[in-house]
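Heads up: the structure comes next, in structure tokens.
The values are calculated or read from the model by the stated rules, or taken from the named source; none is laboratory data. Since the model is a prediction, treat every value here as computed from it, not as a measurement. Please note: Cβ atoms are built from the backbone with ideal geometry, for glycine as well, and neighbour counts cover all protein chains shown.
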Amino acid sequence: MRRLIVILLALAAFGGAVVAWFHLGSGASQLDARTAMARSAAALKAHDATSARDFAAAAVREEPSLATAHLALARAMLALGDGVGAEAEIQRALDSGADPKLLPHLRAHALLLQGQAQKAVDEAGKASSPFRAYALRIRGRALAAGGNWQAADNAFDEAVKLAPGDPDIWSDRGRFRLATGDMLGANEAAQRVLQLDPNHLDGLVLRAELVRSQYGLVAALPWFEAALKRDSRSLVALVEYAATLGEAGRTVDALAATRRVLAVQPNSPQALYLQSVIAARAGNPALAQALLAKTGTAIDTLPGTLLLKGALDLQSGEYEQAITKLKALLDQQPLNMPAHKLLAAAMLRRGSAEAATSLLRPVTALSGADSYALLLAARGLERSGDRDGAASLIDRSLAPTAPGTRAFTVDDSLETLSAQADQRPGDPAAQVALLRGLYTAGDNAHALANAQRIAAANQSVPSAQLLLGDALMLAGRPNDALTTYRRAAGLRFDAPTMSRLVEALGAAGKNQEAVNVLGLFLSQNPMNLTALRLSARSQLRAGEYAAAMNTLEQVRSQIGDGDAVLNAELALAYAGAGATNEAQELGEAAYALAPANPLVVEAFGWVLYQAGDLAHAAELTRKALRLAPDAPDLRWQLAQIYADAGDKSQASALIQALLTDRRFTRRAEAAALLPRLR
């Protein structure tokens, strides 16, 4: 009986709990349609579009024939970038009795999100007066998507005049300015958005992207985090946040962010792509391939996807597939130099030597072309039977990289390029092509005049300022170039701008400022290879060998052991820190990779000198001098080796010659050594 009573009481308690749970659950999840719509509108106003969609969907479920519920769901879907879903809801609203005059601006937005730019323009033109500003905003975006920049600019201007207090218009205008390279205009628009609405989600994401370009990766992270506080499930904010974390070297955090994306959108192609990049960087190409395969065809045409897939195909021996993808990338970005080199490598391995050589011609025409591109082109010439041409390129690849013009050569004549520039005065591509042609022809004065004109007409466009800075550097005017590079850095402080600014500061004798600029950039972009290598060289010059070792090891962790100059620099750093055995191994590895590169030979000779092997150190340093006979630092190195080896006459002769060389910067040390040689 006692057992029966206990069981009955338990069942009664359970039944009461079930009833209570049912009533509580229905009150929480089964809102009436009007309440759900009100909450959707409030969430949308608070920039939580994901919650707005959920509430609007609840209203539609509650009253499927309510037109306003379908419109609420359409607006939330538009905010989330779901053009297909939004258009379907707009049609359902129309079928449920919505006034057709209320819909064209929304339908135009949905069409734009589906990539139907011209249809969006046409539909936006049907919008009635109360929705004119919204429609103009969509028209501007659609025209920009079609490449009609001037008409897009006019549409945004008109929209701002009609609704100057609409933050959505300012946000889209800011993105338009960013797309045209007008960083100042983009920043002004982003600031205006946040003045009007400090919680504006798109405005916060735009500001984060601008801060990332202007100040660096680390500085942008708080802005992305602020956006995610408004809507923790915003795909746009999450994807950009994950990408920024990955570029900043915070791999664990980046993976966590991609998992947040996948929780919101299972099989998100953007999240899978980012995970694939992380896997590729970690040296796991099989995992990278598997992750990319899961993206299907959703992002196949994006430049980053094409480059990654092309590189992975090349690595796995799928040369035809690599060629197809890399050609598609170069159709979009003709000046993408990594793509040029990967495509040339794929063509060489397939046996198309002449095509590979032709493809690399714009790269190898640079006076400062990298050794990898030169060796690829040399291999192509050699297979085509041009051994003399191949030998010339090999010689260049073994020489130290010299500073030179950053302009690429072009196939068109100067007359053709000038005519195109005259016909299209507002087209930056035509103007830049003319500048390249002038640089190639050696007409630096004319190139400088054109660069000055372009920079004056585009004060807020960083690339225009860089063109002028490059022209001034070529003209031997580093102080004038500094002013221009600083202006560009104030607009967009990326790696190309930073490296130019550091170079100009060094040429102007402002070495400490160059160190400060480099340190600032690295604090924001800690994994950037260009900055790491520049920093390591600065540390080596300053005798900070432990710091240089750490910096160079970070570089090696990213690019591996196949870079001869990197191995030589590591050898110098280890030798300076007293790790003699490791230094000799690295110096030998560098020498095995590039035995005719004077920088490598010099470094190996110095490492052996530090280890006490004076005979071999002298032999290698003499070889380096034969390869680079006009290098005063090499003669100073050889003088020190001779002095320690007891060959006072040769050491004294070298030092006396060095003291008459204006380029030699270590005169005090040399003068102090000379008396001891008498």
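If the condition is being surrounded by 21 or more Cβ atoms within 10 Å (Cβ to Cβ) and within 26 Å of Leu196 (Cα to Cα), then segment 35-46 contributes Met37, Ser40, Ala43. Within the set Gly97, Gly140, Gly115, the sole residue that is of a type in the set (Gly, Ala, Ser) and closer than 30 Å to Arg260 by Cα turns out to be Gly115. Determine whether Ala668 is assigned to a helix (DSSP H, G or I) and either exposed (fewer than 15 other Cβ atoms within 10 Å of the Cβ) or of a type in the set (Phe, Trp, Tyr) (or both). Here the answer is yes, as Ala668 does meet what is asked.
Looking across segment 228-275, the residues that are closer than 24 Å to Leu312 by Cβ, aliphatic (A, V, I, L, M), touching a helix residue (DSSP H, G or I) at 6+ places or on another chain (Cβ under 7 Å) and assigned to a helix (DSSP H, G or I) come down to Val239, Ala242, Ala243, Leu245, Ala254, Leu255, Ala257, Val261, Leu262, Ala271, Leu272, Leu274.
Meeting the requirement of 3 or more residues that are closer than 25 Å to Ala639 by Cα, the helices (runs of 4 or more DSSP H) wholly within segment 524-611 are 529-541, 564-576, 580-593, 598-610. When Ala365 is tested against (1) at pLDDT 90 or above; (2) more than 20 Å from the chain's Cα centre (by Cα); (3) within 24 Å of Arg383 (Cα to Cα), only condition (1) is not met. Checked against the criterion of being in contact (Cβ under 8 Å) with a residue 60 or more places away in the chain and farther than 19 Å from Ser213 by Cβ, segment 481-504 contains one or more residues that satisfy it.
None of Leu467, Leu482 is at pLDDT below 90, in contact with a helix residue (DSSP H, G or I) (Cβ under 7 Å, 6 or more places away or on another chain) and in a helix (DSSP H, G or I) except Leu467. Tallying residues that are surrounded by fewer than 18 Cβ atoms within 10 Å (Cβ to Cβ), in a helix (DSSP H, G or I) and either of a type in the set (S, T, N, Q) or in contact with a Ser or Thr (Cβ under 6 Å, 6 or more places away or on another chain) (or both) within segment 288-337 yields 4. From (1) more than 28 Å from Pro462 (Cβ to Cβ); (2) modelled with pLDDT under 95, pick out the condition that doesn't hold for Ala256. Failing condition for Ala256: (2). Pairing residues of segment 239-255 that are in contact (Cβ under 8 Å) with a residue 40 or more places away in the chain and outside the structural domain of Ala495 (by TED's automatic domain parsing) with residues that are surrounded by fewer than 18 Cβ atoms within 10 Å (Cβ to Cβ) and outside any helix (DSSP H, G or I), at Cβ distances under 9 Å and at least 6 apart in sequence or on separate chains, gives Ala248/Pro526; Gly249/Pro526.
For segment 109-161, the set of residues classified as over 33 Å from the mean Cα position of the chain (by Cα), over 19 Å from Arg177 (Cα atoms) and part of a helix (DSSP H, G or I) consists of Asp122, Glu123, Ala124, Ser129, Pro130, Phe131, Arg132, listed by residue number. One residue stands out in segment 47-81 among those that are assigned to a loop (DSSP other than H, G, I, E, B) and touching a helix residue (DSSP H, G or I) at 6+ places or on another chain (Cβ under 7 Å): the one that is farthest from Gly115 (Cα to Cα), namely Glu63.
Selection of segment 112-163 for residues being surrounded by fewer than 24 Cβ atoms within 10 Å (Cβ to Cβ) and either in contact with a strand residue (DSSP E or B) (Cβ under 8 Å, 6 or more places away or on another chain) or of a type in the set (Val, Ile, Thr) (or both) yields only Val160. Inside segment 453-464, residues that are surrounded by fewer than 18 Cβ atoms within 10 Å (Cβ to Cβ) and modelled with pLDDT of 85 or more make up a count of 2. Taking the condition part of a helix (DSSP H, G or I), buried (at least 16 other Cβ atoms within 10 Å of the Cβ) and aliphatic (A, V, I, L, M), does Ala488 pass? Yes; evaluated as a whole, the condition is true for this residue. The requirement of being farther than 28 Å from Ala579 by Cβ, within 47 Å of the chain's Cα centre (by Cα) and without any contact (Cβ under 8 Å) to a residue 24 or more places away in the chain is satisfied by Asp630. Take the conditions (1) over 18 Å from the mean Cα position of the chain (by Cα); (2) closer than 18 Å to Pro338 by Cα; Leu306 misses just one of them, which is (1). Would you confirm whether any residue within segment 623-632 is farther than 29 Å from Ile394 by Cα, assigned to a loop (DSSP other than H, G, I, E, B) and hydrophobic (A, V, I, L, M, F, W, C)? No.
Yes or no, residue by residue, for (1) touching a Lys or Arg at 6+ places or on another chain (Cβ under 8 Å); (2) among the small types (Gly, Ala, Ser); (3) closer than 18 Å to Gly310 by Cβ:
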site	(1), (2), (3)
Ala243	no, yes, no
Gly246	no, yes, no
Ala254	no, yes, no
Arg259	no, no, no
Tyr273	no, no, yes
Arg281	no, no, yes
Ala286	no, yes, yes
